[in-house]
Amino acid sequence: MKALLFTCLLVPWLVAASAKRFDRNSQLIPGSLPGRELNGYFIDHLKSRRARRALPLADEPDDSPIDEGGDTSDLPTCLLCVCLTGSVYCEEVSPDMTTVPTLPKETAYLYARFNKIKKISTKDFADIVTLKRIDLTGNLISEIEDGAFSKLTLLEELSLADNRLVKLPMLPAKLTSFSANNNLLKTRGVKANIFKKMNKLATLYLADNQMEAVPIIPDNVRILHLQNNNITEVNKNTFCRSNDTYYLRPSLSEVRMDGNPVVLSKYPDSFTCMKVLPSGRYR
C-alpha cells in the first residue's frame, strides 16, 4: 500500500520537472524554436536553400559563351546587319552607315538600301568575288571609282537607284539587270558604248535623270526605261541600224520615253526594227 502511494506522488513530480527542463532548453536548442522564432527560422532556412539552389553545381555544365579568341572580323557587320548564309541585309542601319560594310567571305547577295553611303571605292568589293547581286538603292552615293566592280565576274544584278551619281563607272560585262534610276546623270557622264558589250543585259533602268541622248543599247535588252530625262531627239541608229534594213530587235518589248522633250512622231523611221513603239510624246 505504501509503495502504491509513493508511485502516485513521484510520477506527477517527474512529469512537472521534465516539462520545466524542456521549456528552459527549448530557448537554447535551434531545432526547437517556439512560435514566432520558429517561423523566422524556417523562413531563413528556406531562403538559404533557395540561395544554394541558385548557385551552379561544380559538375554542372556552364552554357555561357566562352571566348576562345576566334576570328571576329565579321562581327561588327553582322551586329549592325542581318547576316544569313550568303546574304547580308543592311537596310536603314542605325547609327548611320556611311561606307560599304566589311562583308563576310563568300557573300553572294548584299542589300544595303536606304543608308548614307557616299562613295564606292575599289577596295570595297575587291575581296568579295562571289557577289551576284548588289542593291545600294537610296543612299547618298555621288562617286564610284573606276574598277570598283571590275573583279566581280559573277555579278548579275546591280542597283544604284536613288543616289546622287553624275557619272557611271565601268560595269561588269555579265550584268543581266542594271538600275540607275533617279540620279543626276547627264549624257556626258554616261559613255555612249558603256552597255555595248554587255551581251546578257536584259533590263536597263535609267529613268528620272538628266540625259540628253540615248546610249547604245545591246540587242539582248528586253526592258528599257528612259522616262523623265532631257532627251530631245532620236535617229535611225538609236534603236535600229541605218545601214541594215533587215535588222530586227525582237527582244526589245518595252521602251519608256515618256516625260522627255522629244516628239517621237518626228522620227518614224527610227523604230522600224522594233516590234513595239516607245511610249512617249507623239504630238
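Kindly indicate whether Val93 is among the aliphatic types (A, V, I, L, M), in a loop (DSSP other than H, G, I, E, B) and open to solvent by 20 Å² or more (accessible area, probe 1.4 Å). Criteria not met by Val93. Could you tell me whether any residue of segment 212-223 is open to solvent by less than 40 Å² (accessible area, probe 1.4 Å) and not in a loop (DSSP other than H, G, I, E, B)? Among the residues of segment 212-223, at least one is open to solvent by less than 40 Å² (accessible area, probe 1.4 Å) and not in a loop (DSSP other than H, G, I, E, B), which makes the answer yes. Restricting Thr77, Thr99, Thr122 to those that are over 24 Å from Pro218 (Cβ atoms), outside any loop (DSSP other than H, G, I, E, B) and polar (S, T, N, Q) reduces the list to Thr77. The number of residues in segment 176-206 being touching a Lys or Arg at 6+ places or on another chain (Cβ under 7 Å) and assigned to a loop (DSSP other than H, G, I, E, B) comes to 5.
Within segment 127-153, being open to solvent by 10 Å² or more (accessible area, probe 1.4 Å) and in a strand (DSSP E or B) holds for Arg133, Asp135, Glu143, Ile144.
Taking residues in segment 96-112 that are closer than 13 Å to Phe125 by Cα, and partners anywhere that are open to solvent by 30 Å² or more (accessible area, probe 1.4 Å) and assigned to a strand (DSSP E or B), the pairs with Cβ atoms closer than 8 Å and at least 6 places apart or on different chains are Thr99/Lys119; Pro104/Cys83; Ala108/Arg133; Tyr109/Arg133; Leu110/Arg133.
Candidates Ala207, Ala173: the one that is in contact (Cβ under 8 Å) with a residue 40 or more places away in the chain and not hydroxyl-bearing (Ser, Thr, Tyr) is Ala207. Among the residues that make up segment 154-165, is at least one of them at pLDDT below 95 and either part of a loop (DSSP other than H, G, I, E, B) or touching a strand residue (DSSP E or B) at 6+ places or on another chain (Cβ under 8 Å) (or both)? Checked against the condition, which is being at pLDDT below 95 and either part of a loop (DSSP other than H, G, I, E, B) or touching a strand residue (DSSP E or B) at 6+ places or on another chain (Cβ under 8 Å) (or both), segment 154-165 yields no hits at all. Of the residues making up segment 194-209, those that are of a type in the set (D, E, K, R) and within 29 Å of the chain's Cα centre (by Cα) are Lys200, Asp208. Check segment 239-248 and report whether any residue there is loosely packed, with under 15 Cβ neighbours inside 10 Å and under 36 Å from the mean Cα position of the chain (by Cα). Checked against the condition, which is being loosely packed, with under 15 Cβ neighbours inside 10 Å and under 36 Å from the mean Cα position of the chain (by Cα), segment 239-248 yields no hits at all. Taking residues in segment 71-91 that are closer than 17 Å to Leu136 by Cβ, and partners anywhere that are charged (D, E, K, R) and at pLDDT below 95, not one pair has Cβ atoms closer than 6 Å while being at least 6 places apart or on different chains. It is to be established whether one or more residues within segment 253-264 are surrounded by fewer than 19 Cβ atoms within 10 Å (Cβ to Cβ) and in contact with a Phe, Trp or Tyr (Cβ under 9 Å, 6 or more places away or on another chain). Checked against the condition, which is being surrounded by fewer than 19 Cβ atoms within 10 Å (Cβ to Cβ) and in contact with a Phe, Trp or Tyr (Cβ under 9 Å, 6 or more places away or on another chain), segment 253-264 yields at least one hit.
The values are calculated or read from the model by the stated rules, or taken from the named source; none is laboratory data. Just so it is clear, the structure is predicted and the values come from calculations on it, not from any experiment. Here Cβ is always computed from backbone atoms with ideal geometry, including for glycine, and neighbour counts include all displayed protein chains. These accessible areas exclude ligands, DNA and RNA; they are computed on the full protein's heavy atoms, side chains included. Shrake-Rupley method; radii C 1.70, N 1.55, O 1.52, S 1.80 Å.
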